[in-house]
1. Residues in the stretch 129-143 that are buried (at least 17 other Cβ atoms within 10 Å of the Cβ) and closer than 21 Å to Ile154 by Cβ: how many?
2. Strands (runs of 3 or more DSSP E) wholly in the stretch 48-160 with at least 2 residues that are among the hydrophobic types (A, V, I, L, M, F, W, C), touching a Leu at 6+ places or on another chain (Cβ under 9 Å) and more than 22 Å from Val18 (Cα to Cα) - which ones?
3. Specify the residue that is modelled with the lowest pLDDT; the eligible residues are those in the stretch 1-17 that are in a loop (DSSP other than H, G, I, E, B) and crowded, with 19+ Cβ neighbours inside 10 Å.
4. Within the stretch 91-106, track down each residue that is under 12 Å from the mean Cα position of the chain (by Cα) and hydroxyl-bearing (Ser, Thr, Tyr).
5. Between residues in the stretch 28-44 that are modelled with pLDDT of 95 or more and residues that are part of a loop (DSSP other than H, G, I, E, B) and exposed (fewer than 12 other Cβ atoms within 10 Å of the Cβ), which pairs lie under 8 Å by C-beta distance while being six or more apart or on different chains?
6. Evaluate the following for Thr58: is it crowded, with 18+ Cβ neighbours inside 10 Å and closer than 16 Å to Cys77 by Cβ?
7. Write out, first by first residue and then by second, each pair whose Cβ atoms fall under 8 Å of each other, whose residues are 6+ apart or on separate chains, and whose first residue, in the stretch 92-106, is surrounded by fewer than 17 Cβ atoms within 10 Å (Cβ to Cβ) while the second is at pLDDT below 95 and among the polar types (S, T, N, Q).
8. Counting just the residues of the stretch 26-41 that are out of contact with any helix residue (DSSP H, G or I) (no Cβ under 8 Å at 6 or more places or on another chain) and part of a loop (DSSP other than H, G, I, E, B), which one comes out farthest from Gly78 (Cα to Cα)?
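The values are calculated or read from the model by the stated rules, or taken from the named source; none is laboratory data. The shown structure was predicted, so the numbers you read here are calculated from the model rather than taken from an experiment. Positions of Cβ are backbone-derived with ideal geometry, glycine not excepted, and every protein chain shown enters the neighbour counts.
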Amino acid sequence: MAPLAPLAEDAIKDGKEVTAIIGAITAKELLFVERLEKAGARVFVSTDDGTAGHKGFTTDVLQELLQKETFDQCFTCGPEIMMFKVLNITEDKKIPTQASLHRYFKCGIGICGHCVLDGTGLRVCKEGPTFRDKELRKSHEFGYYWRNAAGQKIYFGVKK
């Protein structure tokens, strides 16, 4: 949520309505809930263990909201597999979406290619870390695997 909190606050200052779905494994791990509520955002909380808000995943809350409401845009950050699911959900509803990726950077200046999104050539450290849905759809890596410090592909559970 760290990269999106200032974005939400600025949008609220500009008169936009902001709905935030914040999730964590437990209530103790939730961040930015009070900050965004204080700024004027409508906040939904989800915890894996049910210690706060909805018991389950943020993507469950998103699907429930989209059954009742429409949104102009979606911004997401967090675990890549979750962002991949968000992208699939918002794509079905034709909601433009941007995702802030978190990848392992070796050089941080775009030379080593360690953080590149396979299939696109986009480097998270240079062209990112935030990408539009259309850019992420061109990658055959996003939502399927990432690279560890040794450059090995680590799959999220399902190989393409």
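1. Matching residues across the stretch 129-143 total 7.
2. Per the criteria, no element qualifies.
3. Among those that are in a loop (DSSP other than H, G, I, E, B) and crowded, with 19+ Cβ neighbours inside 10 Å, it is Met1.
4. From the stretch 91-106, those under 12 Å from the mean Cα position of the chain (by Cα) are 97-102; that's our starting set.
Of everything in the stretch 91-106, those that are under 12 Å from the mean Cα position of the chain (by Cα) and hydroxyl-bearing (Ser, Thr, Tyr) turn out to be Thr97, Ser100.
5. Leu31/Ala2; Phe32/Ala2; Arg42/Glu17
6. Criteria met by Thr58.
7. Hits for this filter: Tyr104/Asn148.
8. So the first thing to find is which residues in the stretch 26-41 are out of contact with any helix residue (DSSP H, G or I) (no Cβ under 8 Å at 6 or more places or on another chain), and the list is 26-31, 33-34, 37-38.
Add one more test, that the residue is part of a loop (DSSP other than H, G, I, E, B), and what stays is 26, 30-31.
Values: Thr26: 15, Leu30: 12, Leu31: 12 Å.
Across the stretch 26-41, the extreme among qualifying residues is Thr26.
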